1. Mind pulling the angle between the C-alpha long axis of helix 69-80 and the longest principal axis of the chain? Nearest 10 degrees, somewhere in 0 to 90.
2. Write down the accessible area per residue of the chain in Å², having rolled a 1.4 Å probe over the full set of protein chains.
3. Would you mind telling me the share, in percent, of accessible area of the chain contributed by carbon and sulfur at probe 1.4 angstrom?
4. To one decimal place, what orientation-averaged projected area in nm² is obtained for the convex hull of the Cα set of the chain?
5. So what's the angle, to the nearest 10 degrees on a 0 to 90 scale, between helix 34-45 and the longest Cα principal axis of the chain?
6. Count charges around CYS54 for me, please; just the other residues with Cβ under 13 Å from its Cβ, Lys/Arg as +1, Asp/Glu as -1.
7. Around ARG87, with a cut-off of 10 angstrom between Cβ atoms, what is the net charge of the other residues, counting Lys and Arg +1 and Asp and Glu -1?
8. Just want to confirm a number: the relative contact order over the chain, from Cα pairs under 8 angstrom separated by 6+ residues, in percent.
Amino acid sequence: NIDEQTMENLWTSNIHEEKLLLGLLIGQIKFTTFEAAQLTLLRFAEKVDNWAVCDLFVSALKPVIKRYHEAFYKTAIELANHQNDWRIRLGLVMMLSYYIEAQKIDEILKISNSIRSDAYYVRMANAWMLSYVYIADKKKTTDFLSHSQLDSWTINKAIQKIRESNRVANDDKISVLQYKR
(Lines give C-alpha, C1' and ligand atoms only; values in the text may rest on other atoms or scores of the structure.)
Protein backbone atom coordinates (compact mmCIF):
# COMPACT_ATOMS: atom_id res chain seq x y z
CA ASN A 1 0.00 0.00 0.00
CA ILE A 2 2.59 2.54 -1.12
CA ASP A 3 0.98 5.84 -2.01
CA GLU A 4 1.45 7.36 -5.46
CA GLN A 5 3.65 10.22 -4.25
CA THR A 6 6.08 7.84 -2.54
CA MET A 7 6.31 5.72 -5.69
CA GLU A 8 6.95 8.82 -7.80
CA ASN A 9 9.66 9.91 -5.37
CA LEU A 10 11.29 6.50 -5.71
CA TRP A 11 11.14 6.71 -9.51
CA THR A 12 12.92 10.06 -9.51
CA SER A 13 15.49 9.13 -6.87
CA ASN A 14 19.05 8.17 -7.71
CA ILE A 15 19.84 6.97 -4.20
CA HIS A 16 21.06 3.37 -4.29
CA GLU A 17 18.84 2.08 -1.48
CA GLU A 18 15.78 3.77 -2.96
CA LYS A 19 16.47 2.13 -6.33
CA LEU A 20 16.67 -1.23 -4.55
CA LEU A 21 13.37 -0.53 -2.79
CA LEU A 22 11.70 0.49 -6.06
CA GLY A 23 12.95 -2.69 -7.74
CA LEU A 24 11.50 -4.79 -4.92
CA LEU A 25 8.17 -2.95 -5.08
CA ILE A 26 7.88 -3.39 -8.85
CA GLY A 27 8.06 -7.14 -8.31
CA GLN A 28 4.95 -6.90 -6.11
CA ILE A 29 2.79 -5.02 -8.63
CA LYS A 30 -0.14 -7.04 -9.98
CA PHE A 31 0.12 -5.98 -13.63
CA THR A 32 -3.01 -6.53 -15.69
CA THR A 33 -1.20 -6.70 -19.03
CA PHE A 34 2.19 -7.80 -20.27
CA GLU A 35 2.62 -4.43 -21.97
CA ALA A 36 2.29 -2.57 -18.67
CA ALA A 37 4.73 -4.96 -16.99
CA GLN A 38 7.22 -4.67 -19.85
CA LEU A 39 6.99 -0.88 -19.94
CA THR A 40 7.71 -0.75 -16.19
CA LEU A 41 10.61 -3.18 -16.51
CA LEU A 42 12.16 -1.20 -19.37
CA ARG A 43 11.65 2.07 -17.48
CA PHE A 44 13.42 0.61 -14.46
CA ALA A 45 16.19 -0.77 -16.71
CA GLU A 46 17.21 2.85 -17.32
CA LYS A 47 17.91 3.19 -13.57
CA VAL A 48 20.12 0.08 -13.35
CA ASP A 49 23.70 1.21 -12.85
CA ASN A 50 25.24 -1.52 -10.72
CA TRP A 51 25.11 -5.27 -10.23
CA ALA A 52 23.19 -5.14 -6.93
CA VAL A 53 20.28 -3.15 -8.36
CA CYS A 54 20.26 -5.39 -11.44
CA ASP A 55 20.32 -8.71 -9.64
CA LEU A 56 17.92 -7.77 -6.84
CA PHE A 57 15.45 -6.39 -9.39
CA VAL A 58 15.57 -9.60 -11.45
CA SER A 59 14.97 -11.74 -8.37
CA ALA A 60 12.06 -9.49 -7.33
CA LEU A 61 10.46 -9.98 -10.75
CA LYS A 62 9.76 -13.67 -10.16
CA PRO A 63 5.95 -13.33 -9.81
CA VAL A 64 5.78 -10.93 -12.78
CA ILE A 65 7.90 -13.10 -15.05
CA LYS A 66 6.02 -16.22 -13.97
CA ARG A 67 2.80 -14.59 -15.14
CA TYR A 68 4.21 -13.47 -18.52
CA HIS A 69 6.97 -16.06 -18.86
CA GLU A 70 7.29 -16.47 -22.63
CA ALA A 71 6.70 -12.81 -23.44
CA PHE A 72 9.48 -11.71 -21.08
CA TYR A 73 11.90 -14.15 -22.70
CA LYS A 74 11.85 -11.96 -25.79
CA THR A 75 12.49 -8.92 -23.58
CA ALA A 76 15.47 -10.68 -21.98
CA ILE A 77 16.91 -11.37 -25.45
CA GLU A 78 16.41 -7.74 -26.50
CA LEU A 79 18.13 -6.53 -23.33
CA ALA A 80 21.04 -8.96 -23.81
CA ASN A 81 21.52 -7.54 -27.32
CA HIS A 82 21.46 -3.91 -26.13
CA GLN A 83 24.42 -1.53 -26.36
CA ASN A 84 24.24 -0.50 -22.69
CA ASP A 85 26.28 -2.82 -20.45
CA TRP A 86 23.78 -2.74 -17.58
CA ARG A 87 20.90 -3.66 -19.89
CA ILE A 88 22.98 -6.50 -21.30
CA ARG A 89 23.58 -7.77 -17.77
CA LEU A 90 19.89 -7.39 -16.95
CA GLY A 91 19.00 -9.59 -19.95
CA LEU A 92 21.62 -12.21 -19.09
CA VAL A 93 20.57 -12.37 -15.44
CA MET A 94 16.93 -12.72 -16.50
CA MET A 95 17.93 -15.62 -18.75
CA LEU A 96 19.98 -17.42 -16.12
CA SER A 97 17.29 -16.89 -13.49
CA TYR A 98 14.19 -17.88 -15.46
CA TYR A 99 14.98 -19.34 -18.88
CA ILE A 100 17.52 -22.16 -18.63
CA GLU A 101 15.18 -24.69 -20.23
CA ALA A 102 16.01 -27.49 -22.68
CA GLN A 103 14.21 -25.87 -25.62
CA LYS A 104 16.04 -22.55 -25.10
CA ILE A 105 19.61 -23.80 -24.55
CA ASP A 106 20.75 -23.47 -28.18
CA GLU A 107 19.47 -19.91 -28.44
CA ILE A 108 20.93 -18.93 -25.07
CA LEU A 109 24.35 -20.29 -26.10
CA LYS A 110 24.13 -18.33 -29.34
CA ILE A 111 23.33 -15.16 -27.40
CA SER A 112 26.17 -15.86 -24.98
CA ASN A 113 28.59 -16.26 -27.88
CA SER A 114 27.50 -12.93 -29.37
CA ILE A 115 28.29 -10.85 -26.25
CA ARG A 116 31.23 -8.58 -27.00
CA SER A 117 31.31 -6.28 -23.99
CA ASP A 118 34.53 -5.80 -22.04
CA ALA A 119 32.57 -4.73 -18.95
CA TYR A 120 33.43 -6.90 -15.95
CA TYR A 121 29.82 -7.28 -14.77
CA VAL A 122 28.58 -8.27 -18.24
CA ARG A 123 31.31 -10.87 -18.65
CA MET A 124 30.65 -12.18 -15.13
CA ALA A 125 26.91 -12.52 -15.83
CA ASN A 126 27.70 -14.36 -19.06
CA ALA A 127 30.04 -16.77 -17.26
CA TRP A 128 27.48 -17.25 -14.49
CA MET A 129 24.80 -17.99 -17.08
CA LEU A 130 27.06 -20.54 -18.79
CA SER A 131 27.54 -22.35 -15.50
CA TYR A 132 23.76 -22.68 -15.18
CA VAL A 133 23.49 -23.88 -18.77
CA TYR A 134 26.14 -26.50 -17.99
CA ILE A 135 23.98 -27.88 -15.18
CA ALA A 136 21.02 -28.08 -17.58
CA ASP A 137 22.93 -29.54 -20.55
CA LYS A 138 26.51 -30.63 -19.96
CA LYS A 139 27.12 -31.86 -23.52
CA LYS A 140 25.96 -28.72 -25.31
CA THR A 141 27.86 -26.54 -22.87
CA THR A 142 31.13 -28.44 -23.18
CA ASP A 143 30.80 -28.32 -26.99
CA PHE A 144 30.24 -24.59 -26.65
CA LEU A 145 33.24 -24.12 -24.35
CA SER A 146 35.50 -25.90 -26.82
CA HIS A 147 34.34 -23.93 -29.90
CA SER A 148 33.13 -20.59 -28.57
CA GLN A 149 34.43 -17.29 -29.86
CA LEU A 150 34.07 -15.76 -26.41
CA ASP A 151 37.10 -14.22 -24.80
CA SER A 152 39.33 -16.44 -22.65
CA TRP A 153 38.44 -14.60 -19.45
CA THR A 154 34.71 -15.35 -19.79
CA ILE A 155 35.32 -19.00 -20.74
CA ASN A 156 37.71 -19.49 -17.82
CA LYS A 157 35.35 -17.75 -15.39
CA ALA A 158 32.50 -20.00 -16.59
CA ILE A 159 34.70 -23.03 -15.91
CA GLN A 160 35.48 -21.66 -12.45
CA LYS A 161 31.76 -21.14 -11.75
CA ILE A 162 30.99 -24.68 -12.96
CA ARG A 163 33.69 -26.07 -10.67
CA GLU A 164 32.37 -24.07 -7.69
CA SER A 165 28.82 -25.40 -8.14
CA ASN A 166 27.45 -27.89 -5.63
CA ARG A 167 25.24 -29.26 -8.42
CA VAL A 168 28.16 -30.53 -10.52
CA ALA A 169 29.74 -33.95 -9.91
CA ASN A 170 33.40 -34.03 -8.88
CA ASP A 171 34.38 -35.96 -12.03
CA ASP A 172 32.74 -33.28 -14.17
CA LYS A 173 34.57 -30.56 -12.23
CA ILE A 174 37.84 -32.19 -13.22
CA SER A 175 36.76 -32.91 -16.80
CA VAL A 176 35.70 -29.33 -17.55
CA LEU A 177 39.28 -28.14 -16.90
CA GLN A 178 40.24 -29.38 -20.38
CA TYR A 179 38.37 -26.41 -21.86
CA LYS A 180 40.37 -23.84 -19.92
CA ARG A 181 42.23 -21.35 -22.10
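The values are calculated or read from the model by the stated rules, or taken from the named source; none is laboratory data. Fair warning: this is a prediction, and the values are worked out from it, not measured in the lab. Methodologically, a virtual Cβ is constructed for each residue, glycine included, from the backbone with ideal geometry; neighbour enumeration extends over all protein chains shown. SASA here: full protein model, heavy atoms, side chains in, ligands and nucleic acids out. Shrake-Rupley method; radii C 1.70, N 1.55, O 1.52, S 1.80 Å.
1. 80
2. Numbers: 9630 Å² over 181 residues.
Result: 53 Å² of accessible area for each residue.
3. Details: 4830 of 9630 Å².
That share works out to 50 percent.
4. Numbers: hull surface 42.0 nm².
Directional mean of the projected Cα hull area for the chain stands at 10.5 nm².
5. 80
6. Numbers: positive: LYS19, LYS47, ARG87, ARG89; negative: GLU46, ASP49, ASP55, ASP85.
Taking every other residue near CYS54 into account, the sum is 0.
7. Working: positive: ARG89; negative: GLU46, GLU78, ASP85.
Residues near ARG87 contribute -2 overall.
8. On the way: 192 pairs, mean separation 27.1, N = 181.
So the answer I get is 15 percent.
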